[in-house]
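Here's the structure, in structure tokens; my notes come after.
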Amino acid sequence: MCLLFPLNVFAGEVPPLEGIVEPNEMVQYSSQVPGILESVLVERGDRVKRGQTIARLKSGVQRASVNLAQARVDFGKRKLVRNEQLIKKQLISIHDRDEIETEVTFAELELAEAKELLALRTIKSTVEGIVVERLGSPGEYVGEDPFLIIASIDPLSVELVVPVEYYGLIKSGTHGVVEIEGPASGKYNAKVIIVDQVIDAASSTFGVRLELPNAKKKIPAGVKCSVSFDS
């Protein structure tokens with residue numbers, strides 16, 4: 001478990017404490033719109049980048065709507081070009097000219113709406129991380145319930161539990177050294193980013209979180225550690 005050794009920088013000693021290295025985020029992916037999965041492009045254990053497409057819903061109707069809206073825009077623009085000479089010669093009234101231009105504007109708005117509805121059928125990752133669970137497969141119905149979970153592991157979070165008598169001794173921004181045993185054993189620099197302002201009455205403890213950089217994805221989440229702070 002995470003151990004907090006005596007600190008010269010504090011006005012007292014902090015005894016060993018329990019904690020663990022965890023992902024900084026666990027993102028559960030569902031769909032903004034209900035539908036049938038056409039494809040799931042990642043599997044458990046895969047690394048994904050922010051913005052990467054991870055799944056698609058069947059979207060034949062939505063693609064047809066985009067094509068129809070695009071055809072209306074193209075037709076309206078061609079109609080406007082054909083009537084330019086008539087407009088210049090003032091053979092078309094201002095009202096007729098306004099109608100043509102308005103038709104094009106409405107068609108462009110319908111196209112933008114159709115594209116937005118189509119985009120909802122593509123699900124992209126909002127974080128860079130590791131796929132930890134995949135529940136959905138092509139052909140299955142999806143909606144509000146999560147079908148994919150991605151853990152963000154850069155940076156990692158080191159969670160500590162501190163007895164209430166040491167409240168106020170650990171400050172946000174304090175730098176520490178995290179020593180990990182087992183996988184990816186070694187010492188790593190970290191920084192305190194959260195000190196809970198609410199005490200847990202049942203256990204008389206409060207939480208502390210350190211941010212642990214993990215750019216090379218060398219350190220797995222879920223490992224035990226010990227923490228010492230800069231003196």
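The values are calculated or read from the model by the stated rules, or taken from the named source; none is laboratory data. Values in this document were obtained by computation on a predicted structure and should not be read as measured data. Just so you know, the surface numbers come from the protein's heavy atoms only, side chains and all, with ligands and any DNA or RNA stripped out. Shrake-Rupley method; radii C 1.70, N 1.55, O 1.52, S 1.80 Å.
Using only Cα atoms and rounding to the nearest 10 degrees, what angle (0 to 90) does helix 60-82 make with the longest principal axis of the chain? That helix lies at roughly 50 degrees to the long axis.
Can you pick out the pairs among Lys49/Lys218; Lys49/Lys191; Lys49/Lys124 whose Cα atoms lie more than 21 Å from each other? Walk me through the intermediate numbers first.
Details: Lys49/Lys218 16 Å; Lys49/Lys191 25 Å; Lys49/Lys124 9 Å.
In this structure, Lys49/Lys191 lie more than 21 Å apart at Cα.
So, with a 1.4 angstrom probe, what is the percent of accessible area on the chain that is carbon and sulfur? Heavy-atom surface of the chain belonging to carbon and sulfur, 1.4 Å probe: 51 percent.
Rounded, prolate or oblate: pick one for segment 30-73, where a ≥ b ≥ c are the square roots of the eigenvalues of its C-alpha gyration tensor, a/c under 1.5 means rounded, and failing that, prolate if a/b is larger than b/c, else oblate. Provide the component values of the computation, followed by the final result.
Working: a/c = 3.31, a/b = 2.21, b/c = 1.50.
Prolate, since a/c reaches 1.5 and a/b exceeds b/c.
In 5 Å bins starting at zero, report the fraction of Cα pairs in segment 68-188 per bin as a rounded %. Calculated P(r), rounded to whole percents: 2, 7, 10, 9, 8, 7, 7, 7, 7, 6, 6, 6, 5, 4, 4, 3, 1, 0.
When only Cα pairs under 8 Å and 6 or more residues apart are kept, what is the percent relative contact order across the chain?
Numbers: 479 pairs, mean separation 71.7, N = 231.
The normalised contact order for the chain reaches 31 percent.
Between the helical axis of 94-119 and the longest alpha-carbon principal axis of the chain there is an angle of about 40 degrees. Based on protein heavy atoms only, the chain ends up with 59 Å² per residue of surface accessible to a 1.4 Å probe.
From the protein chains alone at 1.4 Å, what is the descending order of accessible area for Arg121, Arg44, Arg72, Arg134, largest first?
Details: Arg121 30, Arg44 175, Arg72 120, Arg134 65 Å².
I get Arg44, Arg72, Arg134, Arg121, largest accessible area first.
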